[in-house]
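Visitor: Please read through the structure below; I'll follow up with questions.
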Amino acid sequence: MKSGRSALRAILLVLFSSATVLSLTAAQRKEARVSQVARDVSLLAPHAAARPAHLNGNVPEGSAVRTGADSRAELTFADLTITRIGANSIFSFEENGRNVNVENGAILLRVPADSGGARIRSSALIRSSALTVGITGTTVMFEHHRRTYTKLIVLEGSSEAWLSKQPGKRVRVRGGQMLIVKAGATHLPEPVDIDVDRLLRTAILITEFPPLPSLNLIRNVANDQKKSGGPLINPLVDPTGMSARDVNASTRPQSTPFKPPGDRNRKP
């Protein structure tokens, strides 16, 4: 009888331990890890005071990340989705990084092909003009400033963009293309072809971080552009009439070059 009770306790202990491990694993998948951090980066958890972000620290689902001037951060999720946040930005995520909201500033988002995709949404003064972007297996840059413009650059893969008020009217943006939407827009313009090779050499969300897992795919896009020989827009030049300084916060040089941790002695 005692041996039977002992065996039952052992089985229950194994089941309890397994359930605990599964629960922890599910919770960990909803968190992001801070894989890079530079200067002024804060984490804003719901109903809690802001706290500094630290390298290898966890960022729970529903939290926001806020960066200051000349500040940068990178979050890595369990499925190797990567989000890089530029200076003067506010970014939040839900559903394991699958739903992303950019209140202000610039991000780079890399989503693995087998991860189920993601959605980026801007925060707009006029809700109907908020831009939503759906991506799967793609690397994109997304920049949003509520009073002026929203910019989407697809580095590799493709995406669909639409205004919140017009979900049925979608624009396909492919690798090597850029879409700029002015604040208050009632329709989306056609995307334009940009010089990806130039972007690889100038975008601080690329050059000031370790190489992306999708870097070879982005280079393939740049090489295909060179082979085609078609006209390409310099991503540092604004095709809409706004100043280049305003449109390219994610690509213009910083006053003080950012060097990733472990690379502090590198020359600018």
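The values are calculated or read from the model by the stated rules, or taken from the named source; none is laboratory data. Keep in mind it's a predicted model, so treat the numbers as computed, not measured. Cβ placement follows ideal geometry from the backbone for every residue including glycine, while neighbour counts extend to all protein chains displayed. Protein only, heavy atoms only, side chains kept; ligands, DNA and RNA dropped before computing areas. Shrake-Rupley method; radii C 1.70, N 1.55, O 1.52, S 1.80 Å.
Visitor: Mind checking the dipole of region 114-232: about its Cα centre, +1 per Lys or Arg Cβ, -1 per Asp or Glu Cβ, Debye to the nearest 20?
Guide: 500 debye
Visitor: So, one more: Where the only charges are on Cβ atoms (+1 Lys, Arg; -1 Asp, Glu), what is the dipole of region 65-110 about its Cα centre, to the nearest 20 debye?
Guide: Dipole about the Cα centre, nearest 20: 120 debye.
Visitor: List every residue whose amide H lies under 5 Å from the amide H of Ser63, counting only residues 5 or more places away in sequence or on a different chain, with H placed 1.01 Å from N in the peptide plane.
Guide: Hits under the 5 Å cutoff: Phe93.
Visitor: If region 40-128 were replaced by its equivalent ellipsoid, with semi-axes equal to the square roots of 5 times the Cα gyration tensor eigenvalues, what would those be, largest first, whole Å?
Guide: 19, 17, 13
Visitor: Just want the answer: with Cβ charges of +1 for Lys and Arg and -1 for Asp and Glu, which residue in Leu215, Gly105, Gly230 is farthest toward the dipole's positive end in region 105-231?
Guide: Value computed over the given set: Gly105.
Visitor: Within straight cross-link reach of Lys227, meaning Cα distance under 13 Å, which aspartates and glutamates are found once same-chain residues fewer than 8 apart are removed?
Guide: The reachable aspartates and glutamates, counting only those whose Cα sits under 13 Å from Lys227, are Asp195, Asp197.
Visitor: I'd like the Karplus ³J(HN,Hα) series for region 158-174: coefficients 6.51, -1.76, 1.60, θ = phi - 60°, whole numbers in Hz, and an x wherever there's a Gly or Pro.
Guide: 7, 8, 10, 10, 7, 7, 4, 7, 10, x, x, 10, 10, 10, 7, 10, 9
Visitor: In whole Hz, what ³J(HN,Hα) sequence does region 100-115 give by Karplus (6.51, -1.76, 1.60; θ = phi - 60°), x for Gly and Pro?
Guide: Going residue by residue, I get 10, 10, 10, 7, 6, x, 10, 9, 10, 10, 10, 10, x, 4, 9, 9 Hz, with x marking Gly and Pro.
Visitor: Same structure, new question: At 1.4 Å probe size, put Arg33, Arg98 in order of accessible surface, largest to smallest.
Guide: Arg33, Arg98
Visitor: Let me ask something else. Translational D (Stokes-Einstein, µm²/s) of region 158-227 at 25 °C and 0.890 mPa s when Rh comes from the Kirkwood sum over C-alpha pairs?
Guide: Value of D from the Cα-based Kirkwood radius: 178 µm²/s.
Visitor: Please compute the length gained on full extension between Asp70 and Leu215, using 0.36 nm multiplied by the number of residues separating them and subtracting their Cα-Cα distance.
Guide: 49.8 nm
Visitor: Kindly identify region 56-215 as rounded, prolate or oblate by the Cα gyration tensor criterion: order the square roots of the eigenvalues as a ≥ b ≥ c, call it rounded if a/c is under 1.5, otherwise compare a/b with b/c, prolate if a/b is larger, else oblate.
Guide: Here region 56-215 falls in the rounded category.
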